[in-house]
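The values are calculated or read from the model by the stated rules, or taken from the named source; none is laboratory data. Note that this is a predicted model, so its numbers are computed, not measured. Every residue, glycine among them, receives a Cβ derived from its backbone with ideal geometry; neighbour counts consider all protein chains shown.
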Amino acid sequence: MRHNSYYNSNLALVPFIMGVTASMEKENSETENFNTDSINAIKTSLMGPLAGIGDSVFWGVLKAIAAGVAIGLAKSGNILAPIVFLLIFNVPVQIIRWYSGKMGYTLGSTYISQLYENGLINILTKAASTIGLMMVGAMTSQMVKLKIKWNMVVAGKKVLETQNVLDQIFVGLLPLVITLACFYLIKKKNVSLNTLIFAIIIISVLASLVGIV
């Protein structure tokens, strides 16, 4: 249940986080009164920064290099072009996935025990939770989109643009309200995630059909 919470990061660097998480779960199984909140806190705090680094390096640079080489081969009629693309991109990614997973597990096993012995695990958990909340907040502002298309029209003239009025009050007000409402329904009303997803899809389609959004 602990690892069913939302999680998203870069495919090349995610094994590092999984390695750290695995070592924390191992420590949890062996240590009495282990702070289990620290496990998801560490995951959430690492997923954003490593996703940013990984996306820039692997999607932005390595994938572009692989595509450039493959396109050059394809233009000359070389049938190995797609294979070359897959090799240039995937070989470094898989190597990094393997070693970063081992590194994450090793570092986790080494330092988490020391943090517990020194009494610093609660400080780490608090810091990780704070960073995680910041990352989730940033993702909300980027990923949740809602713009009102309905405007007040009098005598065929637009006299009030609803979205502009809302933006003057608070930029991103409706996405924030929707996010907080979903959080409330999940946390306080125990609404299942699948139910919420289907409800949002249905409401969005209906609102779009009638021209509200």
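Brief remarks on what is shown
- Only one entry of SER141, SER100, SER113 meets the criterion of being modelled with pLDDT under 85 and either touching a Leu at 6+ places or on another chain (Cβ under 9 Å) or more than 28 Å from ILE42 (Cβ to Cβ) (or both), and that entry is SER141.
- LEU50 falls short of the stated requirement of being surrounded by 16 or more Cβ atoms within 10 Å (Cβ to Cβ), free of Cβ contacts under 8 Å to residues at least 40 places away in the same chain and either part of a helix (DSSP H, G or I) or touching a strand residue (DSSP E or B) at 6+ places or on another chain (Cβ under 7 Å) (or both).
Table: residues versus (1) of a type in the set (Lys, Arg); (2) closer than 21 Å to MET135 by Cα; (3) surrounded by 14 or more Cβ atoms within 10 Å (Cβ to Cβ).
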| residue | (1), (2), (3) |
| --- | --- |
| ASN28 | no, no, yes |
| THR36 | no, yes, no |
| SER56 | no, yes, no |
| TRP59 | no, yes, yes |
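- Residue satisfying condition, being at pLDDT below 90, touching a helix residue (DSSP H, G or I) at 6+ places or on another chain (Cβ under 9 Å), surrounded by 14 or more Cβ atoms within 10 Å (Cβ to Cβ) and outside the structural domain of SER9 (by TED's automatic domain parsing), within set LEU193, LEU185, LEU176: LEU176
- Test for GLY77: is it part of a helix (DSSP H, G or I) and in the same structural domain as LYS126 (by TED's automatic domain parsing): no
- The set of residues in the stretch 65-102 being in contact (Cβ under 8 Å) with a residue 24 or more places away in the chain and exposed (fewer than 15 other Cβ atoms within 10 Å of the Cβ) consists of TRP98, LYS102.
- Yes/no for ILE201 being exposed (fewer than 11 other Cβ atoms within 10 Å of the Cβ), modelled with pLDDT of 90 or more and not charged (D, E, K, R): yes
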